[in-house]
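Q: Have a look at the structure that comes next, please.
The values are calculated or read from the model by the stated rules, or taken from the named source; none is laboratory data. Since the structure is predicted, the reported quantities are computational estimates derived from the model, not experimental observations. With ideal geometry, Cβ positions are generated from the backbone for all residues, glycine too; neighbour counts draw on all protein chains shown. Note: areas computed on protein heavy atoms with side chains; ligands, DNA, RNA excluded. Shrake-Rupley method; radii C 1.70, N 1.55, O 1.52, S 1.80 Å.
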Amino acid sequence: MFGFQCFYRKRTDQLAPSEPETFSLPAPLPQWPQGQGFGSGKINLGELEVVKITRFKFIWSSNTEEERKGVTFYKPVGIPEGFSSLGHYCQSNDQPFRGFVLAAQETRSESEPAHSSTHVASPALREPLDYTLVWSSNNGSDERLEGCGFFWLPQPPEGYKSMGYLVTRSPKKPKLDKVRCVRADLTDRCENYRVIFDAGTRFSEFPFQVWSTRPSHRGMLGRGVSVGTFSCNSCCWTPGQELLVACLKNLDPKLHAMPNCDQIHALINHYGPTVFFHPDEIYMPSSVSWFFENGALLFRKGDLVGKSIDVDGSNLPSGGRNDREFWIDLPGGGDRRSNIKLGNLGSAKLYVHVKLALGGTFTDIAMWIFCPFNGPATLKVGVMNFALSKIGQHVCDWEHFTLRICNFTGELWSIYFSQHSGGVWVNAYDLEYIQGNKAIVYSSKSGHASFPRPGTYIQGSAKLGIGIRNDAARSNLYLDSSTHYELVAAEYLGDGVVSEPGWLQFMREWGPTIVYDSRTELDKIISNLPLMLRYSVANIVGKLPVELYGEEGPTGPKEKNNWTGDERG
């Protein structure tokens, strides 16, 4: 356990801070088309039914002298009759209020009738046997109790798991009926995600951290359900270490809370972002069919002549893996090759893959955009900029962003902005909106990475101002994904519901591999820099992704690890 090492804070802890501003989307939600469980406010997980609780009562705040740098702990209120709390909630004071925790009640799934297993005698939910005090803010002093916070871990019965911690303002243990533990087979493993509160930043001799959690098994095949509670650790926690709390598991085989086809289209129509391209962008997107119709060729290893590709990609080799036996290339020679590189914005569309997230309590709408060519990069060194002739360029470019939708209500929760070899999740309250609840996605010049706001983003060291430039800005060049899209995959709906285009099954590279001596170009630039900058630039450039140093076509969307897995970040 974490022990009884504590500290005492100033009397600012005694007072509830001003409530953070509650966030709501810019426009009201529409009435979603009829379906099963999507947007109904409740989700069936098999033997458990859960609801999302968004009303809370203040318990304790870790406020420093600068209030907004603290964090506050809350207990859920307004829990519907028959449902039970699974733990308390915590969030930083400098964020808009948009938290939730789940409450649960037992309800046997129709697909899982009573049977003669031990589960019949074991309820899905049980009260804890006891609580263990894991940390408090009173430095262990009985004389300093007023305004202090006490953190309790429910001790579950054998065969059960705790879902979250409880916080009190008294050293007296909470009543056993204040929370429920969940039968172990209805849970899944979770992991620490982001630090919310770190006592060690000011009191290093008393290490204690509070983390948000997420399911360890995520993505299209994961069934872990985030409860919305937090975990507590001493600073000795290491990634991969099993936590003392778990998450829920969705055992509903029919995934009733996922949107049907009509609801998918309604979500895209309502939330589909507008993608803005830089005013100086040369290499625009196009539809895949336009690319094929205008001369793209399929090459096979050993063959010098490529063959034309059917408009729907039906004659591309499908399935298998990227064995480098086949690749797609631009047509050879002059104007035709140069013109197809420029793309065709008028034909462009977003290719949409819909999949379950966080065990089917959220829906991910991944929107893929295709560009026939990725332009060369620009190196930034302080106030100096060096346009590179080859580095960063390659035939074909697949980029994407992902909308995460809450299945309880149909709210847009966040958007993932893919940025080269990584990316970032941005909460709905940090997005820029253009019309109603439609956010803006900025596509960077030449490289087409996605960003939530305009500006210059450095791939390298933003602190030193050294790295590859990603310039994003609004212009008259844009693509509205709410109307210009094609649904290409939604596996959870079953076979044949969504017809996948032939080109989606092409698992090889959308472009040839050409290796060139990029170091010569970089070394020439570095050698002409002032002596004091050379080492820093060489060091940072050496850490940039390998793909910058060779012209290699990307694989298609279905070959990416985030097609079935969760987004990076």
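Q: Against the longest alpha carbon principal axis of the chain, how many degrees, from 0 to 90 and to the nearest 10, is the axis of helix 518-527 turned?
A: Roughly 80 degrees, rounded to the nearest 10.
Q: Along the charge dipole of segment 454-497, which of 493, 461, 481 sits closest to the positive end, that is, farthest toward it, with unit charges on the beta carbon of Lys, Arg, Asp and Glu (+1, +1, -1, -1)?
A: 461
Q: Next question, about the same structure. Nearest 10 degrees is fine. How inclined is helix 531-541 to the longest principal axis of the chain, computing both from alpha carbons?
A: Helix 531-541 sits at roughly 80 degrees to that axis.
Q: Still on this structure, I have one more. How big is the C-alpha Rg of segment 357-463 next to the rule-of-thumb value 2.2 N^0.38 Å, as a ratio? All intermediate terms of the calculation are to be shown ahead of the outcome.
A: Numbers: Rg = 16.0 Å, N = 107, 2.2 N^0.38 = 13.0 Å.
For segment 357-463, the normalised Cα radius of gyration is 1.23.
Q: Over segment 208-340, what percent of the accessible surface lies on carbon and sulfur atoms, probe 1.4 Å?
A: Heavy-atom surface of segment 208-340 belonging to carbon and sulfur, 1.4 Å probe: 49 percent.
Q: Sum -39500 (n - 2.57) across every DSSP H segment of at least 4 residues in the chain, then divide by the residue count to get the 222 nm mean residue ellipticity, nearest 500.
A: So the helix-based figure for the chain works out to -2500 deg cm²/dmol.
Q: Kindly provide the Kirkwood hydrodynamic radius of the chain in Å, to one decimal, from all pairs of distinct alpha carbon atoms. If you can, show how the numbers build up before the last one.
A: Values: mean 1/r = 0.0382 Å⁻¹.
For the chain, inverting the mean 1/r across all distinct Cα pairs yields 26.2 Å.
Q: Grab the beta carbon distance between residue 539 and residue 424, set R0 = 25 Å, and tell me the FRET efficiency rounded to 0.05.
A: Details: r = 24 Å, r/R0 = 0.96.
According to the calculation, E is roughly 0.55.
Q: Whole number in Å², please: accessible area per residue of the chain, 1.4 Å probe, ligands, DNA and RNA not counted. Intermediate results must be reported in sequence, preceding the final value.
A: Working: 24750 Å² over 569 residues.
Using a 1.4 Å probe on heavy atoms only, each residue of the chain averages 43 Å².
Q: Still on this structure, please answer the following. From Cα pairs below 8 angstrom and at least 6 apart in sequence, can you work out the relative contact order of segment 254-379, rounded to a whole percent?
A: Working: 154 pairs, mean separation 39.4, N = 126.
Reported as a whole number, the value is 31 percent.
Q: Under unit Cβ charges (Lys, Arg +1; Asp, Glu -1), what dipole magnitude, rounded to 20 debye, does the chain have relative to its Cα centre? Present the calculation step by step, with values, prior to reporting the outcome.
A: On the way: 57 positive and 60 negative charges, 227 e Å.
In debye, rounded to 20, the chain gives about 1100.
Q: Here's something else I'd like to know. Would you mind checking the tilt of helix 261-271 against the longest principal axis of the Cα atoms of the chain, expressed as 0 to 90 degrees and rounded to 10?
A: Rounded to the nearest ten degrees, it is 80.
Q: Still on this structure: Using a 1.4 Å probe and counting only protein heavy atoms, arrange 568, 508 so the residue with the most accessible area comes first.
A: Values: 568 115, 508 25 Å².
The most accessible residue leads, giving 568, 508.
Q: Between residue 193 and residue 480, take the C-beta separation as r, use R0 = 30 Å, and let me know the FRET efficiency to the nearest 0.05. Mind dumping the intermediate values first?
A: Values: r = 33 Å, r/R0 = 1.09.
Once rounded, the FRET efficiency stands at 0.35.
Q: For the pair residue 500 and residue 435, how long in nm is the line joining their label points, each one 7 Å along Cα→Cβ?
A: Each label point is offset 7 Å from its Cα along the Cβ direction, giving 3.2 nm.
Q: Same structure again: Of the accessible area of segment 461-532, with the probe set at 1.4 angstrom, what percent is carbon plus sulfur? Working shown, then result.
A: Numbers: 2010 of 3700 Å².
Of all accessible area on segment 461-532, carbon and sulfur atoms account for 54 percent.
Q: Using a Förster radius of 45 Å, what is the FRET efficiency between residue 297 and residue 531 based on their Cβ-Cβ separation? Nearest 0.05, please. Spell out each step's value before the answer.
A: Working: r = 48 Å, r/R0 = 1.07.
Calculated value: 0.40.
Q: In nm, what is the difference between 0.36 nm times the number of residues separating residue 305 and residue 324 and their Cα-Cα distance? Let's see the in-between values first.
A: Numbers: separation 19, 0.36 × 19 = 6.84 nm, distance 1.63 nm.
Stretched out fully, the residue 305 to residue 324 stretch lengthens by 5.2 nm.
Q: Name the longest site-free stretch of the chain, where the excluded sites are chymotrypsin sites (Phe, Trp or Tyr not before Pro) in a DSSP loop with no more than 14 other beta-carbon atoms within 10 Å.
A: On the way: sites that count: 4, 23, 516.
The segment 24-515 is the longest one with no such site.
Q: Right, another one. Which residue, chosen from 528, 245, 207, occupies the Cα position most advanced towards the positive end of the dipole of the chain, where the dipole is computed from +1 (Lys, Arg) and -1 (Asp, Glu) charges on Cβ about the Cα centre?
A: Of the candidates, 207 comes out farthest on the positive side.
Q: Per residue, what volume in Å³ does the Cα convex hull of segment 194-337 take up? Numbers along the way, then the final one.
A: On the way: hull volume 41.4 nm³, N = 144.
Convex hull volume per residue, Cα atoms: 288 Å³.
Q: Of the lysine pairs in segment 349-452, how many meet both conditions: Cα atoms under 26 Å apart, and a spacing of 8 or more in sequence or different chains?
A: Values: 349/438; 349/445; 355/438; 380/390; 380/445; 390/445.
Number of lysine pairs found: 6.
Q: Which whole-number percentage describes the relative contact order of segment 344-490, with Cα contacts under 8 Å and a sequence gap of 6 or more?
A: Result for segment 344-490 is 24 percent.
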